[in-house]
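What follows is one structure encoded as structure tokens, with my remarks underneath.
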Amino acid sequence: MFTYGAVILFSWAAFIIVWMVAAFGIKRDIRGGGITGLWYRFFLLRLVGVALVVFVVWRVVTGTAHYSKATAVLAHNALFTPPAVVGWIGAALAVLGVAFAVWARFHLGTNWSPVPAVKENHELVTSGPYRYVRHPIYTGVILAAFGAALTGTIFGMGIFLVVSVMFFLRISKEEEIMLELFPGAYPAYQARTKKLIPFVW
């Protein structure tokens, strides 16, 4: 049965696959990156990761039992049970958030990094989704996580809590790097563009 839980699940699966595939062409880190950067420096490791995610998604879609178990994660162990309309709003937010994050990721191109880092020939990108917020990937992922949280499940609430805390902690570090790299242009960009929520904050 096609449910809002299935829409959210497949939205996150699509997000993970796109992220893994897009990581094949990023610029080299010249400072920062840390242990997480290892994943993005080894082609074979990323290839195996993409293949594994695609295999799991294929098994879920083609196997009724697997599909039922996977979608049940967003239907059981709930802290609260939302009305169906709220669940579908959550699914719409998940799709919208993932789409916004993917747009930002591809617009950022080879300048993207999994963790705050200085890239080779680092560029300041202020067009596309970056016209509206300084951290549109985070905006999209948090929105998608909020959509999952609206299901009322421990899974959905957990994702929302984890990504929100993680991104809020990372933003200040990223902005320090950008101010260091672009001391003339970045303050002006900060002054005219909100951090995470367009026109608000």
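The values are calculated or read from the model by the stated rules, or taken from the named source; none is laboratory data. Since this is a predicted model, take the numbers as computed values, not measurements. Virtual Cβ from ideal backbone geometry, glycine too; neighbours counted across all protein chains shown. SASA here: full protein model, heavy atoms, side chains in, ligands and nucleic acids out. Shrake-Rupley method; radii C 1.70, N 1.55, O 1.52, S 1.80 Å.
Within the shell defined by Cβ-Cβ distances under 10 Å, the residues around E175 carry a net charge of +1, with Lys and Arg each +1 and Asp and Glu each -1. Computed with a 1.4 Å probe over protein heavy atoms only, the accessible area of V18 comes to about 40 Å².
For S127 and M166, a Förster radius of 22 Å and the Cβ-Cβ distance give a FRET efficiency of 0.25, rounded to the nearest 0.05.
Using a probe of 1.4 Å on the protein chains alone, the accessible area found for R170 is around 50 Å².
In whole percent, and with a 1.4 Å probe on the protein chains, what portion of the accessible area of the stretch 82-201 is carbon and sulfur? On the stretch 82-201, the fraction of accessible area on carbon and sulfur atoms equals 72 percent.
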